[in-house]
Structures are given as structure tokens and as C-alpha cells.
Amino acid sequence: MINYTLKQMYSYEAVIRLKSFTKASQELHITQPAVYMQVKQLQESLGSELISIQGKSIKPTFIGQKFYQTSLDIIEKLEQSKADIEQTLDPEAGHLQIAVATTTNSFVSHILAKFKKKYPRMSFYLDVTNRESLLKKLNNSEVDLIIMGEPPTDMPLITQPFMENPLIAIAHPEHPLLNNQNNTINDLTHETLITREQGSGTRITIERIIGNQLNSDIEINSNEAIIQAVQAGLGIGFVSKHTVKLELENHVIKQLDIDKFPITRHWYVVHHSKNKLSPIAERFKAFIVENS
């Protein structure tokens, strides 16, 4: 059974590349006899001569050349893996895997831009997705951090609220209910209501606050699409106020004054309790809380 060590492979690769046991020992910071012994043990393990020495000339044999190419591939992958790990553990750099709820995209990009400016050597991958996908990623520990609305209570998570997330009712600027100052949930009985799909954080919050009195006529799985539907006069929608800042300022939609609204929730930065955060992930989590 062939069995060799990384030390033997590194020694052999250096000898062939540098064409010298002496230069290999200097590069590897070990003695020349030690390099020679590593190569000798490697040949014994493989059961084949790997080096042809003629005077001062060192060349690989036929088998040696094949093993040398294999060594180059393995060493390249090992060194790349080492560099990746060192970069990840570098508190000033590192790579960050983030997943966020679609609703948060309106402000997460600004937070990331500020963080990237502070730590220009870091890199990140941002996945904007729905609640169902976020929960799956949490359960499978697929990302470092998740930014979402109300986290589930049936998973071992570490959660940190960092910013209020007001949920409001929105309507077309010419909707009749905008003329009333004290609308109630009962006033919505005969209105066309537009909400997120079953299982979304927004939908769960609305159903918990106002119970079964809300029977949505239309379900849409995108906040942008809900806003557009309200702009078109299709009905009354329920969204995070953070997602409609520009629309409200430009008066293409209006916030509906209604009992129990706004519903004040929070945004959370979340990760699985079994996962130890990398230094850059720890810094980003602290940055979010401090700069929200």
C-alpha cells in the first residue's frame, strides 16, 4: 500500500523544481540530509526510483515526472486552501457569506457599502431571498449571517435586534379611506387586500396582530410587486416602511391611517448557535448593531 507524507512530497517537489538538494533544503529551512532522507523514504514508499542523478544533474525519472506533476497539483491546492483560510481568519479581510430577506435589500446595500469602505480588503457574497430559503440556510449553516425579520423560535439561534421595522398599510393616493382619520380593521372588510405569501414574516406578523379578521384577496411574493399593485389602484397593501421611502416621498402611494398600524417590529442579525463566527463576521455583526 502506497503511503507517503506531505513533507516527503514537498521535499521531492522542491528538489526537482530547483534541481538541487542544497537549494531545496534552503527553501524548506531543513538540512540537506533531511531532504535527502525525505526523498529516499518517498521512493521506498512508492516502490520506484523518482530521481536520476548524473554528476551534478538531477532529473526526474519517467515515474518521477508523473509524480512531480501530481505534487504540483496537490501543493497548489494546499497552498490556495491555506491562503483562503488565512484570509478568512484575517480580522481586516476575510470573506463573508450573507443572506438577507428581500425586504431588507433597501438598506443592507448601504450598510455593506460603509463596511466595505472601512475594511476594503474583505469580500462578501450577498444572497437576497425569501423567508423559507433563509430558514433552510440557517438550518443547514450555509451562511455566516442572516438579516431578517422575526426569527423562528423553534431553532437554536443567536439573534440580535438592531433596528425598528415598522409595518404599514399603503394605498393609492386617491383611495377613499385616506379621507378618514380613524380607520379600523373592520373598515378593511370590503376592501381588496394585498399581502405577502403564506409563511412570509410580514404575513405572519399581520395575522398575529389582527387575527382572522384579515382575509387576503391577493397574495404576492414580492414587496416590489405589492407596491406596484397598490400604485395601480389594485388594493391596499402591507409592507415595511423601509421599502417604500421613495414612493411615499414622491406621493405615488400614501400611508393609510388605520388602527393597530404601524406595527413596530425589528430587524435581526442571526446565526446558528452551533457556528463560531469568523473575525470578519463578528466585526460585521457589531458594525450593523452600532450603525443601524
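Is it the case that some residue within the range 146-161 is open to solvent by less than 10 Å² (accessible area, probe 1.4 Å), closer than 30 Å to LYS285 by Cα, assigned to a loop (DSSP other than H, G, I, E, B) and among the hydrophobic types (A, V, I, L, M, F, W, C)?
From the range 146-161, those open to solvent by less than 10 Å² (accessible area, probe 1.4 Å) are 146-148; that's our starting set.
Next, only the ones that are closer than 30 Å to LYS285 by Cα stay: 146-148.
Next cut, assigned to a loop (DSSP other than H, G, I, E, B) only: none.
The answer is no; no qualifying residue exists.
From the list ALA93, ALA99, the lone residue that is outside any helix (DSSP H, G or I), of a type in the set (A, V, I, L, M, F, W, C) and either open to solvent by 50 Å² or more (accessible area, probe 1.4 Å) or closer than 19 Å to SER240 by Cβ (or both) is ALA99. Tell me, yes or no, whether the range 72-86 has at least one residue that is of a type in the set (Ser, Thr, Tyr) and surrounded by 13 or more Cβ atoms within 10 Å (Cβ to Cβ). No, that holds for no residue.
Note on the range 67-117: residues that are in contact with a strand residue (DSSP E or B) (Cβ under 6 Å, 6 or more places away or on another chain), within 30 Å of THR202 (Cα to Cα) and β-branched (Val, Ile, Thr) total 6. Every test in (1) open to solvent by less than 80 Å² (accessible area, probe 1.4 Å); (2) within 26 Å of PRO156 (Cβ to Cβ); (3) assigned to a helix (DSSP H, G or I) is passed by ASN105 save one, and that test is (2).
Residues GLY237, GLY233: which one is open to solvent by 10 Å² or more (accessible area, probe 1.4 Å) and small (Gly, Ala, Ser)? Result: GLY233 is the single residue among GLY237, GLY233 that is open to solvent by 10 Å² or more (accessible area, probe 1.4 Å) and small (Gly, Ala, Ser).
When the range 187-201 is examined, which residues are found to be at pLDDT 80 or above and either in contact with an Asp or Glu (Cβ under 9 Å, 6 or more places away or on another chain) or closer than 21 Å to ARG131 by Cα (or both)?
Here is the first cut: in the range 187-201, the ones at pLDDT 80 or above are 187-188, 190-196.
Selection gives ASP187, GLU191, THR192, LEU193, ILE194, THR195, ARG196.
The values are calculated or read from the model by the stated rules, or taken from the named source; none is laboratory data. The model shown is predicted, which means the values in this text are computed figures rather than measured ones. Backbone-built Cβ (ideal geometry, glycine too); neighbour counts: all protein chains shown. Note: areas computed on protein heavy atoms with side chains; ligands, DNA, RNA excluded. Shrake-Rupley method; radii C 1.70, N 1.55, O 1.52, S 1.80 Å.
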